[in-house]
1. Using a 10 Å cut-off around each Cβ, can you sort A:S96, A:S211 from fewest to most neighbouring Cβ atoms?
2. Taking each label point as 7 Å beyond Cα in the direction of the beta carbon, state the distances from B:K42 to the same residue in the other copies, shortest first, in nm.
3. Taking the beta-carbon count within 10 Å as an exposure proxy, list A:R179, B:R218 from fewest neighbours to most.
4. Pairs B:K36/B:K136; A:K43/A:K122; B:K82/B:K136; A:K36/A:K113; A:K122/B:K113: which are spaced more than 19 Å apart, C-alpha to C-alpha?
5. For chain B, calculate the relative contact order in percent as a whole number, restricting contacts to Cα pairs under 8 Å that are 6 or more residues apart.
6. In percent, how large is the relative contact order of region A:71-206, given Cα pairs closer than 8 Å and 6 or more residues apart?
7. If the only charges are +1 at each Lys and Arg Cβ and -1 at each Asp and Glu Cβ, what is the size of the charge dipole of the protein assembly as shown around the Cα centre, to the nearest 20 debye?
8. Compute the helix-to-body angle for A:190-205: its Cα long axis versus the longest principal axis of chain A, expressed 0 to 90° and rounded to tens.
2 protein chains.
Amino acid sequence: MKVFIIGSGNVAFSLGQAIFRAGHEICGVYGRSIEKALLLSKKLHCKYFEELNTIPKNCDVYLLAVSDDAIAHLSAKIPQTKGVIAHTSGTTPLSSLGKITDTGVFYPVQTIKNNFPRSFKKIPFCLEGSNERSLKKLMELAGSISNELYQLNSKQRMILHLSAVFTNNFNNHLLSIARDLLRHYHLPDQLLIELARATVINAFEGEPYSSQTGPAVRNDVKTIDKHLEMLKKHPGRQQIYRQLTDDIINVHNNKKK
Amino acid sequence: MKVFIIGSGNVAFSLGQAIFRAGHEICGVYGRSIEKALLLSKKLHCKYFEELNTIPKNCDVYLLAVSDDAIAHLSAKIPQTKGVIAHTSGTTPLSSLGKITDTGVFYPVQTIKNNFPRSFKKIPFCLEGSNERSLKKLMELAGSISNELYQLNSKQRMILHLSAVFTNNFNNHLLSIARDLLRHYHLPDQLLIELARATVINAFEGEPYSSQTGPAVRNDVKTIDKHLEMLKKHPGRQQIYRQLTDDIINVHNNKKK
């Protein structure tokens, strides 16, 4: 397929390279940051475009790998083509691409950073199309870089994105707090790695609800108070501890009733 | 070594069996729940004791795998022996074992459930002893079931336990919320598994602080408001979302300054 990349951030780099490696032809790159877009165009052996109105019109897919706020604005600037214009955002509805006929969504459920993930093979792709033709093209493109394809509508994708914030962003923040505590007391990270891994494995192999352990679910007020006292120099962390503990107690007590 | 097991919960079952499999002799089991303690004693090919004052005095280690609240009370009831009396708790100080000469702590950093973990080989054991002799015995016992031995004092262990609450209990609760959201909308768990795994790998391979992504760290108020609105039927979850988001924004803004 012929693919045009709009964007020059982590998602554009990561997806662009995966699509290129899968054997597709990258017709060009457009990006707000000239320096990064030029670098990406070199990696993808293609031309860099400074203006959206000059980009080739014969591509199959125009991938809008840009920040949520820029999607509507940029999609409106793409000249009329026969290709599908698809964004890569978890939270932005398909409708934000406006009245263009062939539009879609091409959302990988992964936190994308420089050089991560190295492969998209196991990464779920959530696809949506304004019509069968668009969806089919996006399925074909996604299928060439991943084995996990899902067709989700905008509402479902928004729920998934919210779940992903709990799964990734919030858990990452908690792990950041946990590591900080260890380091402050000169304890090695190694102490927590297996526990963190097992947490994820257990949560998806069994039921995270019924596998809850710890002071909150036991309503062990003595330990909870000791922990809150230990966190008193960090009101933010203390509040997080309190909130999560309260919710665990509430949820588990209510279900027991 | 000769080991006596006090307790009949998940930790007693799990550690008892690992120690037995490692070739040690289990001298007996004592547990509040007669039924469970009997079952454990059968699995460990040893005698079950109904009263602590009748248990053998020639064991090397007496493992108190009981709830935190029961440690002080039970340890006081153990007859004077030459063995080490060690508890398995993360939050209980060594001193709670009272004035017995040879005491210690034998704390595995893992969430222990029925049949999990299947092996302790990679599980960190945090050991403490009231004297060199006690510590040495516990090191030897732990070393026969795990390759990860650490010597931690009671203060360090308490910090580690607090970090473990963030790493396991709280993350498990967040994953439980995430799965609940998916299920409510008939979306498969599969959508989040790779993301959850990557979160842990990234957090320990790199720096969780600098690898933070998502609406909070971008201060993307539009998405945050949309998410809060989606959570309005669950005030507890909404509060957790707000608290974690606020803390991510605070922490990242402060460091940028």
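1. Fewest-to-most ranking of A:S96, A:S211: A:S96, A:S211.
2. B:K42 label point versus its equivalents elsewhere: 7.2 nm.
3. B:R218, A:R179
4. On the way: B:K36/B:K136 31 Å; A:K43/A:K122 23 Å; B:K82/B:K136 14 Å; A:K36/A:K113 15 Å; A:K122/B:K113 29 Å.
Violating the 19 Å limit, Cα to Cα: B:K36/B:K136; A:K43/A:K122; A:K122/B:K113.
5. 12 percent
6. Working: 153 pairs, mean separation 25.4, N = 136.
Reported relative contact order: 19 percent.
7. Values: 66 positive and 44 negative charges, 15 e Å.
My answer is approximately 80 debye.
8. In chain A, helix A:190-205 runs at an angle near 70 degrees to the longest axis.
A short reminder: the numbers here are calculations on the coordinates, not readings from a lab. Remember, it's a predicted structure, so these values are computed and weren't measured experimentally. Here the Cβ is made from the backbone with ideal geometry for all residues, glycine too, and neighbour counts use every protein chain on show.
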